[in-house]
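Beneath this line is the structure, given in structure tokens, with notes to follow.
Each value in this text was obtained by applying a stated rule to the coordinates, not by laboratory testing. Since we're looking at a predicted model, the values are computed, not measured. Here the Cβ positions follow ideal geometry from the backbone for every residue, glycine too, while neighbour counts run over all protein chains shown.
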Amino acid sequence: KQEVTQIPAALSVPEGENLVLNCSFTDSAIYNLQWFRQDPGKGLTSLLLIQSSQREQTSGRLNASLDKSSGRSTLYIAASQPGDSATYLCANSGNTGKLIFGQGTTLQVKP
Amino acid sequence: NAGVMQNPRHLVRRRGQEARLRCSPMKGHSHVYWYRQLPEEGLKFMVYLQKENIIDESGMPKERFSAEFPKEGPSILRIQQVVRGDSAAYFCASSTLADYNEQFFGPGTRLTVL
């Protein structure tokens, strides 16, 4: 049974700092891995999707990596800004389509 | 191209009533997924549908919950005889199965059972 764990559960950093969010999963037979952002009381915004054959994806200040052999993915946020404050969720899917989510990391970036 | 649409955004029901949640996928998407986020818990998969077919309902409670995605119109998640424990945010996502099945989420329906 696939389980997804995110560490840390919460993180507070000063503006401008680079930071790394961690995601680990128990079953390496994944189809893809997605990182999402969720603002309080809102839906999910897809940030990055890494295909199982890929090692990383980049979008602006965000970089996500995938290491299937160790069952880990990381989301790197460069030069953090107060607007980055949100909950970040990772989720993976097998080829059945359904996403298995971690509990999320709640990020606060202080001005 | 409008994103995934869900309505209502907020729904209040009394115990024993029925709740109907609607989801219109993105244009061109024929795959719909429903997820539930209970207070202080993570998102959990409920059901995966294609047009007129339920593909995977392994996350659906055995009783009172049903889902459909008809040939025409939105996908419907129906909860009969709601109880307080059904209070949660219900999210719908859609995909094409192309692009490695990237799923796009709607804003959610927040159900409160009094």
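In the protein assembly as shown, what percentage of the DSSP-assigned beta bridges are antiparallel, given to the nearest 5? Write down the numbers at each step before the final one.
On the way: 74 of 83 bridges.
Percent antiparallel among DSSP bridges in the protein assembly as shown is about 90.
Inter-chain Cβ neighbour count for B:37-44, averaged per residue, equals 4 (cutoff 10 Å, partner chain atoms only). P(r) for chain B, from all Cα pairs and a bin width of 10 Å, is 15, 49, 30, 5, 0 %, short bins first.
Amide H contacts for residue A:48 (H built 1.01 Å from N in the peptide plane; partners 5 or more residues away or on another chain; cut-off under 5 Å): A:35. Round to the nearest 0.05 the FRET efficiency obtained for residue A:108 and residue B:63 when R0 = 35 Å and r is the Cβ-Cβ distance. For R0 = 35 Å, the calculated efficiency reads 0.30. 3J(HN,Hα) along region A:45-58: 10, 6, 9, 8, 10, 10, 6, 4, 8, 9, 9, 7, 9, 10 Hz, from the Karplus curve 6.51 cos²θ - 1.76 cosθ + 1.60 with θ = phi - 60°, whole Hz, x for Gly and Pro.
Evaluating kT/(6 pi eta Rh) at 10 °C and 1.306 mPa s, with the Kirkwood radius of chain A over Cα pairs in the Stokes-Einstein relation, gives 114 µm² s⁻¹. For chain A, a Gaussian network of Cα nodes joined below 10 Å ranks A:52, A:24, A:69 by mean-square fluctuation, and the top entry is A:69.
Counting alpha carbon pairs within less than 8 Å and at least 6 residues apart, what relative contact order, in whole percent, applies to chain B? Don't skip to the end; give the middle numbers.
On the way: 289 pairs, mean separation 41.7, N = 114.
Relative contact order here is 37 percent.
Take every DSSP beta bridge whose two residues both sit in chain B; close to 90 percent of them are antiparallel.
Note down the relative contact order for chain A as a percent, whole number, built from C-alpha pairs under 8 angstrom at least six residues apart.
Taking the mean separation of contacting Cα pairs over the length of chain A, I get 37 percent.
Taking the protein assembly as shown on its own, what percent of its Cα-Cα pair distances exceed 21 Å? Result for the distance tail: 55 percent.
Computed on the Cα trace of region B:58-114, the radius of gyration divided by the Kirkwood hydrodynamic radius gives Rg/Rh = 1.01.
Work through the residues other than residue A:33 whose Cβ is under 13 Å from its Cβ and net out their charges, Lys, Arg +1 and Asp, Glu -1. Mind dumping the intermediate values first?
Details: positive: A:55, A:68, A:72; negative: A:27, A:56, A:67, B:102.
Net charge around residue A:33: -1.
Mind telling me which of B:27, B:44, B:62 comes out most flexible in a GNM of chain B, alpha-carbon contacts under 10 Å? Answer for the Gaussian network model of chain B: B:62. For residue B:55, the amide hydrogen comes within under 5 Å of the amide hydrogens of B:48, B:49, B:50, counting only partners 5 or more places away or on other chains and with H modelled in the peptide plane.
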